[in-house]
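Please treat every number below as a calculation from the coordinates, not as lab data. Predicted, not measured: the structure shown is a model, and the values here were computed from it. As a convention, Cβ positions derive from the backbone with ideal geometry for all residues, glycine included, and neighbour counts pool all protein chains shown.
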Amino acid sequence: MGQGLGRGTRGKKGAPMQIPERMKACLLTAVNQFEIREVPVPQAGLGEVLCRVRAVAICGTDPEIAAGRHRGKGWPPRYPFILGHEWSGEVVQVGPGVTEFQAGDRVAGEAHKGCGICRNCVKGDYTLCLNYGKPETGHRHYGFTVPGANCEFNAFSIKAVKKIPDRLSYVHASLVDTAGVAFHGIRLIGITPGGTVAIFGPGPIGLCALQIARGMGAGRTIMVGRGRRLRAAQEIGADFLVDFEIEDPAQKIMDLTGGRGADEILECSGGTDAPAQSIHGVRKGGKIALLGFYEDAKISGFPLTQVALGEILIRGSRANPNVSEDVIRLFEKGILNGEKIVTHRFPLEKYEEAFQTFKGRKDGAIKVVLEP
């Protein structure tokens, strides 16, 4: 992070605000080791805004990065490193060339900012940037390849922040990234109005997908999972619950649909058996979106002949490109509601407790949010 300066700016409604030179940050210092330290506050560069982080949620990839499972991807690129990519906050300083934002704006962030010049970025597919991991091209993946939001302040490209309404709390606005992942997967395969949608994995993404699918006209929703999270899906409004520890998910989906299969399946769990179960549970001509992270070496029994003969469409889905503004409107309309998803809140100083609560799903934890 760049050297911070003691500098003034204008806060919300024009009130003066003094930006400190240093801030608290939670640093990943080695594999599974965290420390709260004071570090310089960065400045907003060209096309950037400096934001005061008000809420940052722990994502399922964070424990994997902390454990060193993604070093081959450059996650993290070095130690110490600041994780955190699902965040919301307040603009406190605008950088050169910024006219779209001003101090006091309430915003929610995205993790991805593409280079803007490669073929994929020009098409709008900036989460598939061909210059991924090359900061010299302008690419940023906050909390993965460049510092994230587990801190009090950070500078973000204006391409990675969206304004949020006053009535959307910072805590629930930290779900915009999570809900965006669900929405992007749904957008890729669509929802059949009045049809049947099955969702594997009642984690934060799956529970957001459930709400969006219902809001987009799904006639019946089936949630596959277990435990407290499956009960949360029931509270949100899933029509049918399938406990995979008791029943075969594909067979149960077939039973519930009279042997036809689901019109769409959203695989949000990342489970070893879930992709194959999805294929067995979707109808002929149906569609599947894969939103999870998988251990490829453990995936087996993938029925490709069934995919071919059934003309089943399988789409990979990465992150949340071009959906944040739509997701924010879904929160405004009440189609998305974070009450059943955010279960725990901690101050940044208690990051390790929050991390272990999320990782171990303690006390029924679903989404854990830090409030710097």
Report, in degrees rounded to the nearest 10, the 0 to 90 angle that the Cα long axis of helix 176-189 makes with the longest principal axis of the chain.
40 degrees
Which lysines have a Cα less than 22 Å from the Cα of Lys134, not counting those fewer than 8 places away in the same chain?
Lys73, Lys113, Lys123, Lys159
Subtracting the Cα-Cα distance from 0.36 nm times the residue separation, let me have the gained length for Val31 to Phe293 in nm, one decimal.
92.3 nm
Compute the whole-percent fraction of alpha carbon pairs in the stretch 179-316 spaced more than 23 Å apart.
21 percent
Just for the Cα atoms in the chain, what are the lengths along the principal axes, largest first, rounded to whole Å?
67, 39, 38
Mean-square fluctuation maximum in Gaussian network of the chain, Cα pairs under 10 Å, restricted to Asn154, Asn131, Asn320, hits Asn131
Ranked by how many other beta carbons lie within 10 Å on average, peptides 54-66, 229-241, 262-274 from highest
262-274, 54-66, 229-241
Subtracting the Cα-Cα distance from 0.36 nm times the residue separation, let me have the gained length for Ile117 to Lys73 in nm, one decimal.
13.7 nm
Taking the alpha-carbon distance from Lys362 and a cut-off under 16 Å, which lysines remain once sequence neighbours fewer than 8 residues away in the same chain are dropped?
Lys340, Lys350
Can you give the local net charge around Gly227? Use residues other than it whose beta-carbon is closer than 14 angstrom to its beta-carbon, Lys and Arg +1, Asp and Glu -1.
+2
So, with points 7 Å from each Cα along the Cβ direction, the Arg231-Glu38 label distance in nm works out to 4.5 nm
Spin-label zone in the stretch 168-187 - amide nitrogen under 20 Å from a point set 7 Å from the Cα of Asn337 along the C-beta vector
168-180, 182-183
Taking the alpha-carbon centre of each part, the distance from the stretch 349-372 to the stretch 49-111 in Å is 18 Å
With each label point set 7 Å from Cα along the Cα-Cβ vector, what nm distance links Glu311 and Arg22?
6.6 nm
Inverse of mean 1/r across different Cα pairs in the stretch 259-311, Kirkwood, Å
11.2 Å
For the chain, the longest principal axis of the Cα atoms and the Cα long axis of helix 227-236 enclose an angle in degrees, to the nearest 10, of 90 degrees
